[in-house]
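Asker: Sharing a structure, written as structure tokens. Questions coming.
The values are calculated or read from the model by the stated rules, or taken from the named source; none is laboratory data. Note that the structure is a prediction, hence the values are computed from the model and not measured. Cβ atoms come from the backbone with ideal geometry, glycine included; neighbour counts cover every protein chain shown. The accessibility values were calculated without ligands, DNA or RNA, using every heavy atom of the protein model including side chains. Shrake-Rupley method; radii C 1.70, N 1.55, O 1.52, S 1.80 Å.
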Amino acid sequence: MAQRIIYWFRNDLRLRDNEALFSAVASASEIIPVYVFDPRQFDKTKLGFRRTGAMRGQFLIQSVVDLRNRLREKGGDLLIRIGDPEKIIAKLAEEYNAGFVYTSKEIAPEETRIESSLSKNLKLVNIDMKLFWMDTLMHATALPFSIAKLPANFPAFHNLIKTALKIKEPLPEPQQITLPIEYKAGPIPILAQLGIDPNELVDADASQVSIGGEAVALQILEKYLTDYIKENKSYETADPLTDTRLSDWLSLGCISAKYIYDQVKKEQASADDTAIIDNLLSRDYFHWTLLRYGPRLFKPSGVKHNFLQRWQNDNAIYEKWTNGETEDNVVNQLMNKLKTTGFLTSAERTTCATFLVNKLGINWTWGAMYFESHLMDYEVSVNWGRWNNIAGVGEVE
Ligand SMILES: Cc1cc2nc3c(=O)[nH]c(=O)nc-3n(C[C@H](O)[C@H](O)[C@H](O)COP(=O)(O)OP(=O)(O)OC[C@H]3O[C@@H](n4cnc5c(N)ncnc54)[C@H](O)[C@@H]3O)c2cc1C
């Protein structure tokens, strides 16, 4: 058994069904859980807004506060640092004389670059890193095909796996977290310490903006199970079929897709045919798409490598769209809703995106960047994958 493991939390801000944390606790006598706020996440894009907007920044802070509270209930704590994780985690591992760093595996280019850089820094001080795949419903190794042979679109993917769903049981929360006797926990930053002016939140509609953290996520799931499955209430909106807003918490890993599946299945044996499970599989599909195509997903030519299609880079027209000042009132209302609540249903996102792409002919990657900044549930593969499809540069045949 290793004496100490550094557990680096990333987009897995939960205790329940967290395989990497569970394994760390089982493999070492002392665990040092760490979260690093990376200011690069909040930098401004070339289009003038933040990569991660203020509402989402606040949601992240709330999620980290909740995680620290939950770890303290288990006898542990959460070390907080601000800076480049690839440097900070390596330094902590050396200072605390850790045997390993455990963390979740990410697939987006930026996150992968940070991972590789950390791995290199750790090797220089003879420390190993163990990565765990945890973000999808089905594990990559359970898929009935290799990622290189990923079906060209979701219906084809769905057809292949729907009768062969192999989903592991979720893991329980670790019972006890033991830290070294001496450690410096560090304060959780407020928005201003991340370089975000709190005035950027003035437009937010507090009653409609989600509150971050695993505790709230579990309550939201419970409410969904009670209302829609146990009591069979009908959905308020027909589109999408469900409106749990669980995607907000899923995006930071405050709850796992596997745990949602397990809880739905316990209430409804035939759950494999329900909209929520289909939606979770659709989320998986975009993860595999990003894994399969990597950086192609973020280029105007898309996964299809369509270099013939030309897009306009016109700031004035684009800003009419972002500011909700187009000639289309529905689009304008939705763009305002996005700015004040951080949420649009799937159909509403499609309406806004289609308008930017088809009606205005603007570079679709600008639209995806705007959604990235403003969506509370921003998830790299789903957002960029959906935009690829709407722009007609997704789904390769
Ligand atoms: C242009 C565009 C951008 C999008 N960007 C994102 C994004 O950044 N993050 C994100 O999570 N979803 C994104 N979606 C998908 C979808 O709009 C949201 O997942 C959904 O609205 C979330 O609502 P819910 O949690 O109530 O979903 P539910 O209906 O309760 O579904 C359960 C879960 O399944 C997943 N899901 C639901 N609908 C879809 C879908 N159509 N495609 C893929 N996964 C789905 C979500 O994780 C969701 O929480 C995007 C859709 C479009 C058209």
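Asker: Taking every DSSP beta bridge with both residues inside the chain, roughly what % is antiparallel (nearest 5)?
Answerer: 5
Asker: Counting only helical runs of four or more DSSP H residues, what would the 222 nm mean residue ellipticity of the chain come to if each run contributes -39,500 (n - 2.57) and the total is spread over all its residues?
Answerer: For the chain, the value works out to -12500 deg cm²/dmol.
Asker: Further question on the same structure: Give me the net charge for the shell around residue 97: Cβ to Cβ below 14 angstrom, other residues only, Lys and Arg +1, Asp and Glu -1.
Answerer: Net of charged neighbours comes to -3.
Asker: In a Gaussian network model over the chain where Cα atoms closer than 10 Å are linked, find which of 257, 148, 140 has the largest mean-square fluctuation.
Answerer: Comparing 257, 148, 140 in a Gaussian network model of the chain, the most mobile one is 148.
Asker: Using Cα centres only, tell me the gap between the stretch 73-88 and the stretch 129-186 in whole Å.
Answerer: Centre-to-centre distance over Cα atoms comes out at 23 Å.
Asker: Taking 20 Å as the cut-off for C-alpha to C-alpha distance, list the pairs among 304/339; 105/130; 166/265; 44/339; 123/184; 168/265 that go past it.
Answerer: 304/339; 123/184
Asker: Consider just the alpha-carbon atoms of the stretch 267-360 and return their Rg together with their Dmax, both in angstrom.
Answerer: Using the Cα atoms of the stretch 267-360, the pair Rg, Dmax is 17.0, 52 Å.
Asker: Taking the Cα centre of the chain as origin, work out the dipole magnitude from +1 charges on Lys and Arg Cβ and -1 charges on Asp and Glu Cβ, in debye rounded to 20.
Answerer: Its charge dipole is roughly 940 debye.
Asker: Report the one residue of 315, 334, 302 whose Cα lies farthest in the direction of the positive end of the charge dipole of the stretch 299-390 (charges on C-beta: Lys and Arg +1, Asp and Glu -1; origin at the Cα centre).
Answerer: Value: 302.
Asker: Using DSSP to call loops (not H, G, I, E or B), can you name the GluC sites (Glu not before Pro) in the stretch 272-338 whose Cβ has at most 12 other Cβ atoms within 10 angstrom?
Answerer: Those that pass, being in a loop and sparsely packed, are 325, 327.
Asker: Please arrange 287, 305, 374 by accessible surface area, largest first, computed with a 1.4 Å probe and ligands excluded.
Answerer: The residues order as 305, 374, 287, largest area first.
Asker: For a quick check of your reading of the filter: which chymotrypsin sites (Phe, Trp or Tyr not before Pro) in the stretch 115-173 sit in a DSSP loop and have no more than 16 other Cβ atoms within 10 Å?
Answerer: The qualifying sites are 133, 145.
Asker: For a distance above 25 Å, tell me the whole-number percent of Cα pairs in the stretch 1-134 that qualify.
Answerer: More than 25 Å apart: 24 percent of the Cα pairs in the stretch 1-134.
Asker: Please give the peptides 197-203, 62-68, 225-231 ranked by average Cβ packing (other Cβ atoms within 10 Å per residue), highest first, as a rough proxy for protection.
Answerer: Answer by packing, highest mean first, reads 62-68, 225-231, 197-203.
Asker: Taking the Cα centre of the stretch 246-301 as the origin, how large is its charge dipole in debye, to the nearest 20, when only Lys and Arg (+1) and Asp and Glu (-1) carry charge on their Cβ atoms?
Answerer: 380
Asker: If 114, 211 are ordered by their accessible area, calculated over protein heavy atoms with a 1.4 Å probe, which sequence runs from highest to lowest?
Answerer: Sorted descending by solvent-accessible area, the residues read 211, 114.
Asker: When the Karplus curve 6.51 cos²θ - 1.76 cosθ + 1.60 is applied with θ = phi - 60°, which whole-Hz ³J(HN,Hα) does each residue of the stretch 144-149 get, with x for Gly and Pro?
Answerer: Each residue's phi maps through the Karplus curve to give x, 8, 7, 4, 4, 10 Hz.
Asker: Right, next: Considering only DSSP beta bridges where both residues belong to the stretch 1-134, give the percentage that are antiparallel (nearest 5).
Answerer: Antiparallel: roughly 5 percent of the beta bridges in the stretch 1-134.
Asker: Here is a follow-up. Where does the charge balance sit around residue 368 when Lys and Arg score +1, Asp and Glu -1, over other residues with C-beta under 13 Å from its C-beta?
Answerer: +2
Asker: Same structure again: Between the stretch 1-44 and the stretch 260-314, how far is it from one alpha carbon centroid to the other, in angstrom?
Answerer: With the stretch 1-44 and the stretch 260-314 each reduced to a Cα centre, they are spaced 26 Å.
Asker: On to the next question. Name the long-range amide H neighbours of residue 79: under 5 Å, sequence gap of 5 or more, or other chain; modelled H, no Pro or chain starts.
Answerer: Placed amide hydrogens put 34, 35 under 5 Å from residue 79.
Asker: Under a plain spin-label model, where a point goes 7 Å from the Cα along Cα-to-Cβ, how far apart in nm are residue 329 and residue 125?
Answerer: 6.1
Asker: Quantify how much of the Cα-Cα distance distribution of the chain extends past 27 Å, in percent.
Answerer: Cα-Cα pairs of the chain separated by over 27 Å account for 52 percent.
Asker: What's the whole-number percent of alpha carbon pairs in the stretch 323-397 lying beyond 16 angstrom?
Answerer: 44
Asker: Right, another one. When the dipole is taken about the Cα centre of the stretch 64-199, and only Lys, Arg (+1) and Asp, Glu (-1) are charged at their Cβ, what size is it in debye, to the nearest 20?
Answerer: Dipole size: approximately 400 debye.
Asker: Additional query: Please name whichever of 344, 78, 232 sits farthest to the positive end of the charge dipole of the chain, dipole taken about the Cα centre and charges placed at Cβ: Lys and Arg +1, Asp and Glu -1.
Answerer: 78
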